[in-house]
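To keep things clear, I will list the structure first and then write my remarks on it.
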Amino acid sequence: MPIKFIPVPRWAPPARVMPSADFHGEASTAPIHEAVGRALSAWEHAESALIKLYQLLCESVSFAPCRAYGTIESVFGRHLALKYAAEEFFLNRDKVELKIVLDLIKVYNEASTYRNQIAHGMAIQPHMHGYFLCPASYSSRRRETPRPDVMWGFGASYFYRVKEIDHCSQHFTNILNGAMTLAMELNSKYDILEPGEFHP
């Protein structure tokens, strides 16, 4: 019998919009700092749900796989750990469910770009149009080559207000909900762990 799982809702990244009178930033840095905190906390909650999914896929009452998983520093590395654990778990199980897991962890891996933008951004006022979260001035991969005719800050690859940060934060929360639901549904079907045996 197939599990009941609602995929993570479709999500479009924030559009790249240049600061202007029509795209105005915040009045101060404070709401940006608060939004960054919300987003990064939502991301860490999603990571905590994914470690439960990983433990389930490893079919382990022991926290040993979780401790090892926690040493993987990159999202791409954790994504691969989840992918290969899922392939082993579903070797003789429902391949439709395998695709559900792989789709979820693909969404997680892709979302890491926006988590990194938020985590490594800085709240600045690049012009007279208010404060935005932007990449740091030294972040070469997130800025275009400076030109003398372009004001500092306008080479940035993103300008996020609270609205854009919260949009990312909601996506991270959707990943959290998807991972938790998936772990519980799979566990209910295959009876791997008792509720108290999951990693906290």
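Give the longest segment of the chain that steers clear of GluC sites (Glu not before Pro) in DSSP loops with at most 15 neighbouring Cβ atoms within 10 Å, not counting the sites themselves. With a cap of 15 other Cβ atoms within 10 Å, the longest stretch comes to 74-143. Calculated mean residue ellipticity, 222 nm, the chain: -18000 deg cm²/dmol, from DSSP H runs (n ≥ 4) at -39500 (n - 2.57) each, averaged per residue and rounded to 500. The charge dipole of the range 1-124, taken about its Cα centre with unit charges on the Cβ of Lys, Arg, Asp and Glu (plus for the first two, minus for the last two), comes to roughly 240 debye. Counting other Cβ atoms within 10 Å as a rough exposure proxy, the listed residues ILE3, ILE51 run ILE3, ILE51 from fewest neighbours to most. For THR181, THR71, the sequence from fewest to most other C-beta atoms within 10 Å is THR71, THR181.
If each residue's Cβ is checked for other Cβ atoms within 10 Å, how do LYS189, LYS99 rank with the fewest at the top?
With the sparsest Cβ surroundings first, the list reads LYS99, LYS189.
Under Stokes-Einstein, with the Kirkwood radius over Cα pairs as Rh, the value for the chain at 4 °C and 1.567 mPa s is 70 µm²/s. Positive end of the dipole of the chain (Cβ unit charges, origin at the Cα centre): among ALA35, TYR69, TYR54, the Cα lying farthest that way belongs to ALA35.
Projecting label points 7 angstrom from Cα along Cα→Cβ for ASP94 and ALA21 puts them 5.8 nm apart. The gain in end-to-end length when the SER28 to GLU194 segment is fully stretched comes to 54.9 nm, 0.36 nm per residue minus the alpha carbon separation. Beyond 22 Å in Cα-Cα separation lie the following of the pairs LYS106/LYS163; LYS52/LYS106; LYS52/LYS95; LYS83/LYS163; LYS99/LYS163: LYS106/LYS163; LYS83/LYS163; LYS99/LYS163.
Each value in this text was obtained by applying a stated rule to the coordinates, not by laboratory testing. All values derive from a computational prediction rather than experimental measurement. Neighbour counts run over all protein chains shown; Cβ positions are idealised from the backbone, glycine included.
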